[in-house]
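First the structure, in the form of C-alpha cells, and then the observations on it.
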Amino acid sequence: MRTVLSKVAKRSAGPLATLLAAPLLGPLAVRAEPALPGDVTAYVTRLQDCNHWGGEDATDAARGRAIAAAVKRLRCDDAEADERTLRRRYRGDPAVPKALDRARDADS
C-alpha cells in the first residue's frame, strides 16, 4: 500500500517535490513501511532482476550469452534456497515474509 506522499512524488518532479509536499500533507505523510534488513532488500532487488532476465528472449547468440551471464552473476538458480534461508532467519519479523511474498508475486 502506497502512502499519499509516495503518490505525490511519483506524479511530480521527484524528491524535491516530495520534500515540499510533506508539510502540506501532515499526518498522511508520516505513515511509512517498516524498514527491511539489508539482505532482504538486496534479495528482493536480485529477484526482480532475475525475473527480468528470465523473461528476456535470446534473439541471437550474443544476446543469449548476455542473458546467461546475467542469470549466472545474479545467482538466479539459487534464489529459492536463498529465500528459504531469509524466511528462517527472519521468522520473527512479519514484514519480511510479506516483502518476500510481494516480490515473488510481482511478476506472476
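The values are calculated or read from the model by the stated rules, or taken from the named source; none is laboratory data. Please read these numbers as outputs of a predicted model, since none were measured by experiment. Glycine gets a Cβ as well: all are built from the backbone with ideal geometry, and neighbour counts include every protein chain shown. For the accessible areas, the whole protein counts, side chains as well, though only heavy atoms, and no ligand, DNA or RNA atoms are used. Shrake-Rupley method; radii C 1.70, N 1.55, O 1.52, S 1.80 Å.
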Here are some residues: 29, 21, 9, 61. Which one is hydrophobic (A, V, I, L, M, F, W, C) and either modelled with pLDDT of 50 or more or touching a Gly at 6+ places or on another chain (Cβ under 9 Å) (or both)?
61
Scanning segment 72-81 for residues that are among the acidic types (Asp, Glu) and surrounded by fewer than 12 Cβ atoms within 10 Å (Cβ to Cβ), which turns out farthest from residue 39 (Cα to Cα)?
77
Search segment 32-55 for residues being buried (at least 16 other Cβ atoms within 10 Å of the Cβ) and not charged (D, E, K, R), and hand back the single one that is farthest from residue 97 (Cα to Cα).
53
Output for segment 46-81, where each listed residue is assigned to a loop (DSSP other than H, G, I, E, B), over 19 Å from the mean Cα position of the chain (by Cα) and of a type outside the set (Asp, Glu)
58, 59
Conditions (1) out of contact with any helix residue (DSSP H, G or I) (no Cβ under 8 Å at 6 or more places or on another chain); (2) surrounded by 11 or more Cβ atoms within 10 Å (Cβ to Cβ); (3) of a type outside the set (Val, Ile, Thr) -> residue 97 fails only (1)
Just one listed residue, out of 58, 62, 69, is small (Gly, Ala, Ser), surrounded by 12 or more Cβ atoms within 10 Å (Cβ to Cβ) and farther than 15 Å from residue 36 by Cβ, and it is 58
Just to be sure I understand the filter: pairs with C-beta atoms under 9 Å, separated by 6 or more residues or on different chains, first member in segment 82-108 and farther than 12 Å from residue 37 by Cα and assigned to a loop (DSSP other than H, G, I, E, B), second member open to solvent by 20 Å² or more (accessible area, probe 1.4 Å) and among the polar types (S, T, N, Q). Which pairs pass?
106/48; 106/51; 107/48; 107/51
